[in-house]
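Asker: Following this message is one structure expressed as structure tokens.
The values are calculated or read from the model by the stated rules, or taken from the named source; none is laboratory data. What you see is a predicted model; the values in this text were computed from it and never measured. Cβ: placed from backbone, ideal geometry, glycine included. Neighbour counts: every protein chain shown.
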Amino acid sequence: MLLLQNVTKKFGGLAALKDVSFTVERGSIVGLIGPNGSGKTTLFNVVSGVFPLTSGRVVFDGCDISSMECSRVANLGLVRTFQIVRPFNELCALDNVVAGAFQRCKSRSEAEDQAIEAMEMLDVCQYRHILAKNLTLAAKKRLEIARVLATKPRMIMLDEVMGGLNPLETEQLLDTIRQIHDSGITMLIIEHKMKCIMQLSSKVAVLNNGELVTLGTPEEVVRNPEVIKAYLGADYHVDSF
């Protein structure tokens with residue numbers, strides 16, 4: 001579904017990504033982990049069209065999107081959330097999701113039906129008349145996922161959607177992500193909560209200093225000496241995940 005081939009992104013003389021190559025198979029969930037500043041969100045920005053590539057190639061479902069603008073990438077069915085939630089604060093929750101639905105819909109009534117369907121899956125319909133700025137962090141996180149889901153995507157990139165959530169909220173969102181995936185949507189997920197990555201992912205890509213350290217199953221990754229050194233730390237225990 002997604003191919004990254006020698007993806008490099010430089011900001012002046014700083015290489016934020018250096019020859020990163022891996023694939024995301026159709027129907028899979030791939031985790032993306034690494035220390036802060038390792039290039040994870042930069043990779044999302046490059047793939048989604050926020051930042052232009054310096055070199056390399058990004059292919060989505062057979063279509064080269066390396067130089068595409070964000071809106072064209074979204075039209076193909078590849079969408080993303082943001083690490084810091086970005087609701088339209090002065091709009092109600094429903095209108096936030098309707099804004100996403102207009103990616104596909106031409107009428108308000110059609111967009112609203114599509115938005116409500118997405119909100120029901122994310123369990124935020126009860127907030128539909130509340131201004132987004134007045135929602136809790138957990139509700140805002142779910143609202144942002146509902147907004148991208150309303151675009152009828154084929155692949156979603158989630159950027160730390162479980163960050164800042166308590167254990168119960170995290171478990172509830174894990175179940176929702178599984179439901180979205182079971183509906184046929186491929187996923188690439190940035191997450192620092194390793195238990196979540198271990199439970200969700202079929203494969204995990206590890207970045208450090210803009211380079212791909214390894215790509216493997218969650219079990220392989222947490223036992224990789226380079227990953228332990230760069231990210232997990234020497235005092236980690238495999239059973240804790």
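Asker: Within the range 36-70, how many residues turn out to be assigned to a loop (DSSP other than H, G, I, E, B) and of a type outside the set (Phe, Trp, Tyr)?
Answerer: Filtering the range 36-70 for residues assigned to a loop (DSSP other than H, G, I, E, B) gives 36-39, 49-54, 61-62, 65-69.
Then keep just the ones that are of a type outside the set (Phe, Trp, Tyr); that gives 36-39, 49-50, 52-54, 61-62, 65-69.
Here the count works out to 16.
Asker: Another question about this same structure. What are the residues in the range 187-212 that are touching a helix residue (DSSP H, G or I) at 6+ places or on another chain (Cβ under 6 Å) and either free of Cβ contacts under 8 Å to residues at least 12 places away in the same chain or surrounded by fewer than 20 Cβ atoms within 10 Å (Cβ to Cβ) (or both), if any?
Answerer: If the condition is that a residue be touching a helix residue (DSSP H, G or I) at 6+ places or on another chain (Cβ under 6 Å) and either free of Cβ contacts under 8 Å to residues at least 12 places away in the same chain or surrounded by fewer than 20 Cβ atoms within 10 Å (Cβ to Cβ) (or both), then Met198, Asn208 are the ones that fit.
Asker: Quick check on this structure: which one of Ala99, Ala150, Ala115 is in contact with an Asp or Glu (Cβ under 8 Å, 6 or more places away or on another chain), farther than 22 Å from Leu168 by Cβ and of a type in the set (A, V, I, L, M, F, W, C)?
Answerer: Ala150
Asker: Return yes or no: is Glu226 in contact with a His (Cβ under 8 Å, 6 or more places away or on another chain) and closer than 17 Å to Gly34 by Cβ? Show your work before the answer.
Answerer: Details: in contact with a His (Cβ under 8 Å, 6 or more places away or on another chain): no; closer than 17 Å to Gly34 by Cβ: yes.
In short, no.
Asker: If Gly184 satisfies every condition in (1) in contact with an Asp or Glu (Cβ under 8 Å, 6 or more places away or on another chain); (2) over 25 Å from Gly37 (Cα atoms); (3) surrounded by fewer than 22 Cβ atoms within 10 Å (Cβ to Cβ); (4) of a type in the set (Gly, Ala, Ser) but one, which is the exception?
Answerer: Tallying (1) in contact with an Asp or Glu (Cβ under 8 Å, 6 or more places away or on another chain); (2) over 25 Å from Gly37 (Cα atoms); (3) surrounded by fewer than 22 Cβ atoms within 10 Å (Cβ to Cβ); (4) of a type in the set (Gly, Ala, Ser), Gly184 fails exactly one: (1).
Asker: Also, quick follow-up: Which helices (runs of 4 or more DSSP H) does the range 115-208 wholly contain that include 3 or more residues that are at pLDDT 95 or above and of a type in the set (S, T, N, Q)?
Answerer: 167-182
Asker: Out of Leu131, Leu78, which single residue is under 27 Å from Val47 (Cβ atoms) and among the hydrophobic types (A, V, I, L, M, F, W, C)?
Answerer: Numbers: Leu131 fails: under 27 Å from Val47 (Cβ atoms).
Only one candidate passes the filter, namely Leu78.
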